[in-house]
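The values are calculated or read from the model by the stated rules, or taken from the named source; none is laboratory data. On a predicted model such as this, the values are computed, not experimentally measured, just so you know. Cβ: placed from backbone, ideal geometry, glycine included. Neighbour counts: every protein chain shown. When the accessible area is computed, the model is the full protein with side chains, heavy atoms only, and any ligands, DNA or RNA have been set aside. Shrake-Rupley method; radii C 1.70, N 1.55, O 1.52, S 1.80 Å.
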Amino acid sequence: MMGFTPALQGKTALVTGSTSGIGLGIVEALAACGANVILNGFGDTAPAFTALARSGARVGFHGADLSKPEAILDLFAYADSEFSGIDVLVNNAGIQHVAMVDEFPPDRWDAILALNLTAVFHTTRLALPHMKARNWGRIINIASVHGQVASVGKAAYVAAKHGVLGLTKVTALETARLGVTCNAICPGWVLTPLVQEQVEARASRDQLDETDARDALLAEKQPSGDFVTTEQLGAAVMFLCSDAASQMRGSAWTIDGGWTSQ
Ligand code: NAD
């Protein structure tokens, strides 16, 4: 019987933005499947190293600022020299800024597009030659429900995430005859530092305590009334790495508590 849990021993996974939030949940799932993992992101790396210590995985770290293409080159040079290439690429790093289009600061637009979309192009183009040579690879783009629908105030984020879904489809078509797949996951609300900022902004705007602000955020968009968890997203990534998912190509898998069914 075909299993949903991949055997990733001997393979190396790079998860961008894995020092916190969703990326950390994903890197833990991949390490549990036997992969060597490369962490990336800003801030304190100790929680990620602690969480991964239990897995016995070989763990690397590169703090590339992915909004800078030359830093992405450095990251891949590190992956080649220390880990002999990347077999599983999870493009997860992302940022947000909320403002109406006519008030949107151009520098925030540029920063969001550089990280949330252009970096995905660079990591993908640099990962593909190794994956093609081995005829095996997984590229998993953490997009968003905002790759499929819009929300007020999120022009740059929505534009970038729609772009990620387009890039996912092109990459999937260009690798369709190979053992390399490219898919996107589109989460709804997940309670991470990125969303916590929006909870706090809402609490102060509407004079709510934090619990009520969280409930209000969910009530507006996510019919289940619950957050998606980082563990659930880690499990989805595991599935996409398995043989059972080898014919999933170019898909945008929504895990959104019903958000986009409305
Ligand atoms: P987060 O803020 O908790 O984590 C973001 C990670 O990206 C951190 O590790 C951070 O250090 C890293 N990062 C930020 N700027 C970087 C840069 N320039 N270079 C390298 N790393 C950088 O956010 P999160 O909520 O875990 O989001 C992760 C991904 O999931 C993002 O792409 C986001 O758009 C997407 N997403 C999040 C939600 C949600 O509700 N949290 C929903 C849908 C999609």
- line: From highest to lowest solvent-accessible area (probe 1.4 Å; ligands, DNA and RNA excluded), Met1, Met131 read Met1, Met131
query: Solvent-accessible area per residue for the range 69-193 at a 1.4 Å probe radius, Å²?
result: 41
task: Using a 1.4 Å probe over the heavy atoms of the protein chains, calculate the carbon and sulfur portion of the accessible area of the chain as a whole percent.
output: 55
message: Using a Gaussian network model on the chain with a 10 Å cutoff between Cα atoms, which of Gly21, Gly234, Gly56 fluctuates the most?
response: Gly56
task: Of the listed pairs Lys154/Lys221; Lys161/Lys221; Lys132/Lys154; Lys11/Lys161; Lys68/Lys221, which have alpha-carbon separations greater than 24 Å here?
output: Lys132/Lys154; Lys11/Lys161; Lys68/Lys221
Relative contact order (%) - criterion: Cα under 8 Å, at least six apart; region: the range 1-73: 28
task: Rank these residues by their accessible area, most exposed first, probe 1.4 Å: Thr168, Thr45.
output: Thr45, Thr168
statement: Sorting Trp253, Trp259, Trp109 on solvent-accessible surface, 1.4 Å probe, most exposed first, gives Trp109, Trp253, Trp259
task: Only helical DSSP H runs with n ≥ 4 go in: add -39500 (n - 2.57) per run for the chain, normalise by residue count and round the 222 nm mean residue ellipticity to 500 deg cm²/dmol.
output: -14000 deg cm²/dmol
field: Length-normalised contact order of the chain in % [C-alpha pairs under 8 Å, at least 6 apart]
entry: 22
task: Highest first, please rank the peptides 133-143, 88-98 by the mean number of other Cβ atoms sitting within 10 Å of their residues.
output: 88-98, 133-143
query: How many nm separate the modelled label positions at Ala99 and Glu70, each set 7 Å beyond the Cα in the direction of the Cβ?
result: 2.8
task: Subtracting the Cα-Cα distance from 0.36 nm times the residue separation, let me have the gained length for Met248 to Ser84 in nm, one decimal.
output: 56.4 nm
task: Taking the Cα centre of the chain as origin, work out the dipole magnitude from +1 charges on Lys and Arg Cβ and -1 charges on Asp and Glu Cβ, in debye rounded to 20.
output: 1100
query: Taking a quarter of the surface of the convex hull around the Cα atoms of the chain, what do you get in nm²?
result: 14.2
message: At 0.36 nm per residue, and after removing the present C-alpha to C-alpha distance, how many nm does the segment from Arg177 to Glu200 gain when stretched out fully?
response: 3.6 nm
- prompt: In percent, what relative contact order does the range 58-185 have, based on Cα pairs under 8 Å that are 6 or more apart in sequence?
  reply: 28
